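Colleague: Below is the structure I would like to discuss, written out as structure tokens.
The values are calculated or read from the model by the stated rules, or taken from the named source; none is laboratory data. Bear in mind that the values here come from a model prediction, so they are computed numbers and not experimental data. Positions of Cβ are generated from backbone atoms using ideal geometry, with glycine treated the same way; all protein chains shown enter the neighbour counts. To get the accessible areas, we keep the full protein, side chains included, count just its heavy atoms, and leave off ligands, DNA and RNA. Shrake-Rupley method; radii C 1.70, N 1.55, O 1.52, S 1.80 Å.
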There are 2 protein chains.
Amino acid sequence: MNSHASFNRDAARPKAKFRPPAVHQVRVGGFFGPRIDTVANTTAHTLLDRCIAAGMLDQVDPDRPNPGLKIPFQTGNDTVTTQMFWDSDFGKSIETAAYALFAKPDPTLEARVDEVIEAYGRLQDENGYLNSWYQRIEPGKRWTNLRDCHELYDAGHMMEGAVAYYHATGKRRFLDIMARYADHIAEVFGPNEGQKRGYCGHPEIELALVRLARATGEQRYLDLARFFVNERGQDPHYFDIEAARRGRDPKDYHFANHEYTQSHEPVREQRHVVGHAVRAAYLYSGMADISTEFGDETLKPALEALWGHLTDKNLYVTGGFGPSAHNEGLTFDYDLPNETAYAETCAAVALVFWANRMLGLGPDRRYADVMERALYNGALVGLSLDGTRFFYDNPLESRGGHHRWTWHRCPCCPPNIARLVASVGTYAYGESEDGIAVHLFCQSEADLEVSGTKVRVSQETLYPFDGRVAVRVEPETEREWTLSLRLPGWARSVTASLNGTPVDVSANERNGYLTLRRIWQPGDRVELDIDMPVEMLRADPRIGANQGRVALQRGPLVYCLEETDNGAGLNSLVLTSQSRFAYEEADGLGGAPRLVAEGFKERLSGQGLYAAEKPAREAATIRAVPYYAWDNRAEGEMLVWVRREEAQ
Amino acid sequence: MNSHASFNRDAARPKAKFRPPAVHQVRVGGFFGPRIDTVANTTAHTLLDRCIAAGMLDQVDPDRPNPGLKIPFQTGNDTVTTQMFWDSDFGKSIETAAYALFAKPDPTLEARVDEVIEAYGRLQDENGYLNSWYQRIEPGKRWTNLRDCHELYDAGHMMEGAVAYYHATGKRRFLDIMARYADHIAEVFGPNEGQKRGYCGHPEIELALVRLARATGEQRYLDLARFFVNERGQDPHYFDIEAARRGRDPKDYHFANHEYTQSHEPVREQRHVVGHAVRAAYLYSGMADISTEFGDETLKPALEALWGHLTDKNLYVTGGFGPSAHNEGLTFDYDLPNETAYAETCAAVALVFWANRMLGLGPDRRYADVMERALYNGALVGLSLDGTRFFYDNPLESRGGHHRWTWHRCPCCPPNIARLVASVGTYAYGESEDGIAVHLFCQSEADLEVSGTKVRVSQETLYPFDGRVAVRVEPETEREWTLSLRLPGWARSVTASLNGTPVDVSANERNGYLTLRRIWQPGDRVELDIDMPVEMLRADPRIGANQGRVALQRGPLVYCLEETDNGAGLNSLVLTSQSRFAYEEADGLGGAPRLVAEGFKERLSGQGLYAAEKPAREAATIRAVPYYAWDNRAEGEMLVWVRREEAQ
């Protein structure tokens, strides 16, 4: 656990009631410690290696020969190549490297990042414009196709990378480059005569501008973010105007309408999560930021409705969402197929971002529970235990053909899950004028501020493998404030004590948090004991394929069966009402225990594909491993929703 | 039941050991009678109405203004429009009309068909060429893209229509037109200098040329069919040569290889059913025809292996196949998803054709069982009970959004299922020098020939709703021959009697048929009693989604649950080991009885999308209707694979 805490801070604080601490304020060990170390030691380098091997630096660096088009245009869409997104991949990789530098000084890594940043510095146009695709591969087409071409999205991820790198190193070079670019964007886009009233087909820059505004203290970046949020989906539709300007029929579009980009209606009118999943959650994150930064209550009805629509009707048990490969996104309510689930890693990561911003209004279990579910399952699965391979789409069932990629043609997910893991501490806490919230449990130490005093809050816990958490509070000065500790929605019971004296949990619960208000003194210690049996979750009957089946969950972790533990034919295995789970150690799972229960295995008695005979049964031991840890051992089948015979 | 039998016959008989009778030899009543009447009275007219409303006659008739391109090119494939297939739709519609005329004289229908035929007559090129797309919409591009553009496929369906119309009316006009076109095709294609060594991307003409050869008695059409079969998949690959000739990169293709068109390897080397499902089954039908017509044993290993691969690993319980919309075809073994099943109506129809041709070698239950399964379920479902609406794709589960079309942009299925229903009698029987086979049971009367004598074979039965079948034999002359009666593979027991005397079924079984050899006398009567309880079929464990579920089948009919009988939430319903089915009458199912059993309904006890609480149960009555009859009443959910709790 790295304890130096002299990193650079934002110039302006988030205006949210509850703010997430900066990454460097929280030092994380326990469950996430080795994962963060792996990102710092391995993944942060791997990402740069593979970006450069893909040719990204050749595209960026004006001193190198122009490599031209390297990746064919995507099938069925003659306006988009993944090469257009490469700046964003560098942006997220730099952000990952920055968080890695919090965890561990690494001059080699820092020098590699500086080399990339200098290439961008040389590339930047005199007017501030900066996009390697439009400057080197398709010059002359700047700002002509915001709908399809990710130009502002690229800028957003670079801004996020610049802010993180500034925080980690104190070097302003990349931050200044991106601020200059943001100033240019603010000239090009806006409500005034001669400005474009456009916004990006792939939301992202909105939340990035908020981060840039906080880092620099410049209100104009917040205003620009608000402009992008407000313009979205207005009539006449910018993407149609823009298409006509390119001489194209606006209807000549890969999708039937503008739902794919969440620009089908103004954001304040939106009530249903639609379209591309990652775009959706990035947009809603930006909306939540704008809502809290400007105290804008008019965005809340949309945010609340969108949250409910996602979590009540469209969320996988893993916290993934967006079932369809066709639009990388949403289809219709309760459409949550397992084997064909797209559930892109980036979507689960983006859901963590969104949930985290929804917590800006104050502790509320509705958001924190989903944040935790997405983090530990649908997001974390994207990164192999050794930090070198990545899942893009995340089915909940596989016949054995689904494996992590060394690299992906569209490499958005690898740096996205890496930056999330390396910055996970910021999601664990919230600080406000009058209180501190513990949203996630993990072995950690956070340097926070409340009521004008510094407070170190530390957690001792084996969570998520054990439900006991000891929270120690060390204020510099004794002040009265409220400590809010999440009571997970999945927990059937939680007991608590303060300095050894039992606390009445239900009497002190508010929005799913145990709230303790007192004059906190150095050494105060709250202990939680969260009951954490193996739960068998049943799905809403409208999710037809999951009926007669259960998903195994213990604490925040969803489990799955793998062929390597159970043999082939996972759908032949059945849990019964007598099945009781025990835990056992297992190799190759990064220290996670395996669940073991007795059930039975069916075998078709008749001949052929279909037979009238009742299947034969034999006793079988059924083993389950955390979903995030699957496909780290021998290849094979995987299954989340396991058959279960209920007692009659 | 129409009894006049003075229709026109083929000039040459099939050389298969067992031949299907011509359509007019069999008069069908019972279960199929009303369906055939509906096709004759309604569908045959509806098809012409809708073809003409779509603009097909405008495209064909050279005396009408050239309508130009009417339907946009298909997404992702800039070489194909459905308009290219329109001649095939007319061909199949004319074939349907021809069979309708067997069932019932209809001067209006005949006049309408003659009008279309005359338009084709005027369109035909001096050299015999005939294709409305290439003559009127894309002149100058004849024979330049056999891979994508269905040019020979169109010819094939028109040939089939011409043969049927000649049989029904005795008019040679259309037959002569198509024979002239076939002669032109035989000049263009062939192994000699200056001829093209090509074949159609969509097989069909192979089996059509065999029918044309039989109707006309011309060996050269058989030779041409064999040429197309033999050339397929040879190296160098014709489609690649042709693409290069168009100035296109052969790799610039919508699919990764030539499996889509079953031209990835020579047909005799093929062992796995791949690619587009309808193309596959048409090709295999043509291969079976060539095998029997030429006594070509070298095609048999492929045909046997392909049959096994389809039926052992890739067939839906409905007899549909081809799960994927992407290629309208096959994916990988045991990939048989229910809700997203493509299972095109045409594929099930084509499977009936293929199975029927495999029976050319002699009675064999392996083929007849699958023929019956595809006919009664995956094919018949394509036509609404009133004969006016059509299914294209056939999922085995629907959340309520899947309904028959009034017309389809690609209207291949409507005339395909209509022509099959109207000609179903030909699939019920087989005749050979030394025997008669009854492949399908249905109330019917067939005028056949065996051992040099005419024999009228008639069936009295309520099949498929009752398993008792009385077969009456009326030979003109008493001769010794073998009567083979199918013993359905799904039947657990069959008892039989000959003129009231019990027959030892198992002692007289051969390849799944009861074979009775004797000197048959007028009035001989064989009675079969086929046990027909409701069976609960289990699926091979490798079809994961079907585990813990059963498909209900009684006789040849697969049943399904519909929302209109059971309420919403069909996946909440569970059959138990105590569930016993009774029958009840129901409205709106064309006289089919409904199955009724007691089971229970689950209700999620907890809140939200996922809950740890055990579901609550309440008793529920579960009703099932024949799959072919679904979506003929109120709209709603549908489910074939029903949950079932086995006894512990």
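Colleague: Please find the FRET efficiency linking B:ASP183 to B:ASP49, where r is the Cβ-Cβ separation and R0 is fixed at 45 Å, and quote it to the nearest 0.05.
Modeller: Calculated value: 0.85.
Colleague: Hey, another quick one. Can you give the average number of partner chain beta-carbon atoms within 10 Å of each beta-carbon in peptide A:610-618, as a whole number?
Modeller: So the per-residue partner count for this stretch is 6.
Colleague: How large is the charge dipole for segment B:259-382, taken about the Cα centre, if only the Cβ atoms of Lys, Arg (+1) and Asp, Glu (-1) carry charge, to the nearest 20 debye?
Modeller: With Lys and Arg at +1 and Asp and Glu at -1, about 160 debye.
Colleague: Which distances in nm, rounded to one decimal and ordered from shortest, link the label point of B:TRP407 to the equivalent label points in the other identical copies, with labels set 7 Å from Cα toward Cβ?
Modeller: 5.2
Colleague: What accessible surface, in Å², does a 1.4 Å probe find on A:SER458, ignoring ligands, DNA and RNA and rounding to the nearest 10?
Modeller: So the heavy atoms of A:SER458 present about 30 Å² to solvent.
Colleague: Right, another one. Quick one: with label points 7 Å out along Cα→Cβ, list the inter-copy distances for B:ALA568 in nm, shortest first?
Modeller: 4.1
Colleague: Now for a separate question. What percent does the relative contact order of chain B come to when contacts are Cα pairs within less than 8 Å and at least six residues apart?
Modeller: RCO, chain B: 13 percent.
Colleague: Only bridges with both residues in segment B:426-553 count here: give the DSSP antiparallel percent, nearest 5.
Modeller: Looking only at bridges with both residues in segment B:426-553, the antiparallel portion is about 90 percent.
Colleague: Counting DSSP beta bridges with both partners in chain A, what percentage is antiparallel, nearest 5?
Modeller: DSSP beta bridges in chain A are roughly 90 percent antiparallel.
Colleague: Follow-up question, since we're still on this one. Run the dipole for the protein assembly as shown about the Cα centre, Lys and Arg Cβ at +1, Asp and Glu Cβ at -1, nothing else charged, and hand back the magnitude in debye, nearest 20.
Modeller: 600 debye
Colleague: Can you pull the mean other chain C-beta count within 10 Å for peptide B:530-540?
Modeller: Across B:530-540, the average partner-chain Cβ count within 10 Å equals 4.
Colleague: Round to a whole angstrom and tell me the spacing of the C-alpha centers of segment A:582-611 and segment A:285-315.
Modeller: Their Cα centres are 41 Å away from one another.
Colleague: Which value results for Rg/Rh of segment B:421-505 when Rg is the Cα radius of gyration and Rh the Kirkwood radius based on the inverse mean 1/r?
Modeller: My calculation of the ratio gives 0.95.
Colleague: What percentage of the solvent-accessible surface of the protein assembly as shown, computed with a 1.4 Å probe over protein heavy atoms, is contributed by carbon and sulfur atoms?
Modeller: So the carbon and sulfur contribution to the accessible surface is 46 percent.
Colleague: Ranked highest first by average number of other Cβ atoms within 10 Å, how do B:160-170, A:276-286, B:221-231 line up?
Modeller: A:276-286, B:160-170, B:221-231
Colleague: Between rounded, prolate and oblate, where does segment A:321-431 land on the alpha carbon gyration tensor, with a ≥ b ≥ c its root eigenvalues, rounded for a/c under 1.5, else prolate if a/b exceeds b/c?
Modeller: Oblate shape, in that a/c is at least 1.5 and b/c is the bigger or equal ratio.
Colleague: Now for a separate question. Let's test the formula: R0 of 35 Å, r as the Cβ-Cβ distance of B:ARG517 and B:ASP37. What FRET efficiency results, to the nearest 0.05?
Modeller: For R0 = 35 Å, the calculated efficiency reads 0.45.
Colleague: How would segment A:293-358 be classified by its alpha-carbon gyration tensor: rounded, prolate or oblate, with rounded meaning a/c under 1.5 and the a/b versus b/c comparison settling the rest?
Modeller: prolate
Colleague: Let me ask another. Exactly which GluC sites (Glu not before Pro) in segment A:598-633 are in a DSSP loop and have at most 13 other Cβ atoms within 10 Å?
Modeller: Taking segment A:598-633 and a limit of 13 other Cβ atoms within 10 Å, the loop GluC sites (Glu not before Pro) found are A:GLU613.
Colleague: Also, quick follow-up: With only Lys, Arg, Asp and Glu charged, each at its Cβ (+1 for the first two, -1 for the last two), find how big the charge dipole of chain A is about the Cα centre; round to the nearest 20 debye.
Modeller: Its charge dipole is roughly 320 debye.
Colleague: Picking from A:LEU130, A:TRP86, A:VAL116, whose Cα lies most toward the positive end of the charge dipole for segment A:56-169 (charges on Cβ: Lys, Arg +1; Asp, Glu -1)?
Modeller: Going by the charge dipole, the pick is A:TRP86.
Colleague: What is the mean number of Cβ atoms from other protein chains located within 10 Å of the Cβ atom of each residue in peptide B:596-606, rounded to a whole number?
Modeller: Mean number of neighbouring Cβ atoms from other chains: 2.
Colleague: Further question on the same structure: Computed over the Cα atoms of the protein assembly as shown, what is the ratio Rg over Rh, Rh following Kirkwood?
Modeller: 1.03
Colleague: Based on the Kirkwood radius over alpha-carbon pairs, what is the Stokes-Einstein translational diffusion coefficient of segment B:25-254 at 4 °C with 1.567 mPa s viscosity, in µm²/s?
Modeller: D = 70 µm²/s.
Colleague: Could you give the radius of gyration (one decimal) and Dmax (whole number) of the Cα atoms in segment A:153-310, in Å?
Modeller: 15.9, 48
Colleague: When the Kirkwood radius is taken over all Cα pairs of segment B:534-645, what Stokes-Einstein diffusion coefficient follows at 25 °C and 0.890 mPa s, in µm²/s?
Modeller: D = 167 µm²/s.
Colleague: Taking a ≥ b ≥ c as the square roots of the Cα gyration tensor eigenvalues, with a/c under 1.5 meaning rounded and otherwise prolate when a/b beats b/c, else oblate, which class fits segment A:513-588?
Modeller: Prolate, since a/c reaches 1.5 and a/b exceeds b/c.
Colleague: Sticking with this structure for a sec: Sort shortest first the distances from B:HIS326 to its counterpart in every other copy, using label points 7 Å along the Cα-to-beta-carbon line, and give them in nm.
Modeller: 1.4
Colleague: Any idea which of B:ILE71, B:GLY29, B:PHE18 is furthest toward the positive side of the dipole for segment B:1-131, if Lys and Arg beta-carbons carry +1 and Asp and Glu beta-carbons -1?
Modeller: B:PHE18
Colleague: Across 10 Å bins from the origin, how do the percents of Cα pairs in segment A:44-167 run, short distances first?
Modeller: Whole-percent P(r) values from 0 Å outward: 13, 46, 32, 9, 1.
Colleague: Suppose the Debye formula is applied to equal point scatterers at every Cα of segment B:259-382; what is log10 I(q)/I(0) at q = 0.21 Å⁻¹?
Modeller: -1.18
Colleague: Solvent-accessible area per residue for chain B at a 1.4 Å probe radius, Å²?
Modeller: Roughly 34 Å² per residue, with all protein chains present.
Colleague: Write down the radius of gyration of segment A:415-468 and its Dmax, each obtained from C-alpha positions, in Å.
Modeller: Looking at segment A:415-468, its Cα Rg and Dmax stand at 12.5, 36 Å.
Colleague: Using +1 at the Cβ of each Lys and Arg and -1 at the Cβ of each Asp and Glu in chain B, identify which of B:PRO415, B:SER458, B:HIS403 lies farthest towards the dipole's positive end.
Modeller: B:SER458
Colleague: Kindly list the residues of segment B:617-638 that lie in the label zone of A:ASP335, defined by a backbone N under 18 Å from the point 7 Å along the Cα-to-C-beta vector.
Modeller: Those under the cut-off are B:636-638.
Colleague: Next up: Over chain A, one equal point on each Cα, no solvent: what is log10 I(q)/I(0) by the Debye formula at q = 0.06, 0.07, 0.10, 0.11 Å⁻¹?
Modeller: -0.32, -0.44, -0.91, -1.10
Colleague: Run lengths n ≥ 4 of DSSP H only: what is the helix-derived mean residue ellipticity at 222 nm for chain B, with -39500 (n - 2.57) per run over all residues, to the nearest 500?
Modeller: So the helix-based figure for chain B works out to -9500 deg cm²/dmol.
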